[in-house]
1. Name the single residue, out of those in region 87-102 being within 14 Å of the chain's Cα centre (by Cα) and surrounded by fewer than 19 Cβ atoms within 10 Å (Cβ to Cβ), that is nearest to residue 7 (Cα to Cα).
2. Of the residues 71, 11, which is crowded, with 17+ Cβ neighbours inside 10 Å, at pLDDT below 95, over 21 Å from residue 162 (Cα atoms) and not aromatic (Phe, Trp, Tyr)?
3. Any idea which of 89, 83 is at pLDDT below 90 and either of a type outside the set (S, T, N, Q) or part of a helix (DSSP H, G or I) (or both)?
4. State yes or no: is residue 113 of a type in the set (Val, Ile, Thr), loosely packed, with under 15 Cβ neighbours inside 10 Å and in a loop (DSSP other than H, G, I, E, B)?
5. Mind listing whichever residues of region 1-42 are of a type in the set (A, V, I, L, M), closer than 18 Å to residue 153 by Cβ and part of a loop (DSSP other than H, G, I, E, B)?
6. Being part of a loop (DSSP other than H, G, I, E, B) and either hydrophobic (A, V, I, L, M, F, W, C) or free of Cβ contacts under 8 Å to residues at least 12 places away in the same chain (or both) is the filter here; which residues of region 62-80 pass it?
7. Here's a check for you: in region 147-177, which residue that is small (Gly, Ala, Ser) and buried (at least 18 other Cβ atoms within 10 Å of the Cβ) is modelled with the lowest pLDDT?
8. Which of the residues that make up region 10-34 are in contact with a His (Cβ under 9 Å, 6 or more places away or on another chain) and touching a residue at least 60 places away in the same chain (Cβ under 8 Å)?
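The values are calculated or read from the model by the stated rules, or taken from the named source; none is laboratory data. All values reported here derive from a predicted model rather than from experimental measurement. We place every Cβ from the backbone using ideal geometry, glycine too, and count neighbours over all the protein chains shown.
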Amino acid sequence: MIVVCNHTAGVDPILVQSACPFFIRWVMAQDMRDSRLEWFWTWWDVIFVDRTRPDSVSIRAALRHLKRGGVIGIFPEGGLERPPQQILPFQHGVGMLIKKSQARVLTVTIHGTPQVDPAWASLWHASRSIVHFRELIDYDKQPRSAGEIADDLRRRFVNYTSWPVNNTMPGIDELPGSGKKGRPVPAH
């Protein structure tokens, strides 16, 4: 199974995992890897991806994990929603992973998380975070391309949340969550 979530804060994977009776192996951007948390990345067996140069190593690791009956967690927006409560473009890599693995998809929405920078500062800020487990989808029964799967998932997330779409994907240097201070992120 692949758990697909919108991405609001660094605390998102912990919130989702804490509500699940099964282990989720998360896919995470390499540039968000903080060496001070290396023990945590190792403990959670995180699969790191390079957003600047996608490679097949991380995809193969995810596919192997799924084939062995494991669960993968992924944030298809490829970065944090900034400003909050909008849906960014879904990367087609999520559709490719779903299509190649033929895994079922559990959709999850998250809101109410602390809007702070850097992303991991959300771990030590109080919040009223809410996690909604939405639906289990079997794309294996639907003949769609990887891009069509990603687009369908995005449409579903827009319907779940009623949030506006933001079709502007920030460049790698502009992605939120990589700041140095634990300050609130200004809303636009």
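1. Out of the qualifying residues, it is 89.
2. 11
3. 83
4. No: the conditions fail for residue 113.
5. 1
6. Hits for region 62-80 are 68, 69, 75, 80.
7. Within region 147-177, the match that is modelled with the lowest pLDDT is 177.
8. The answer is 11, and nothing else.
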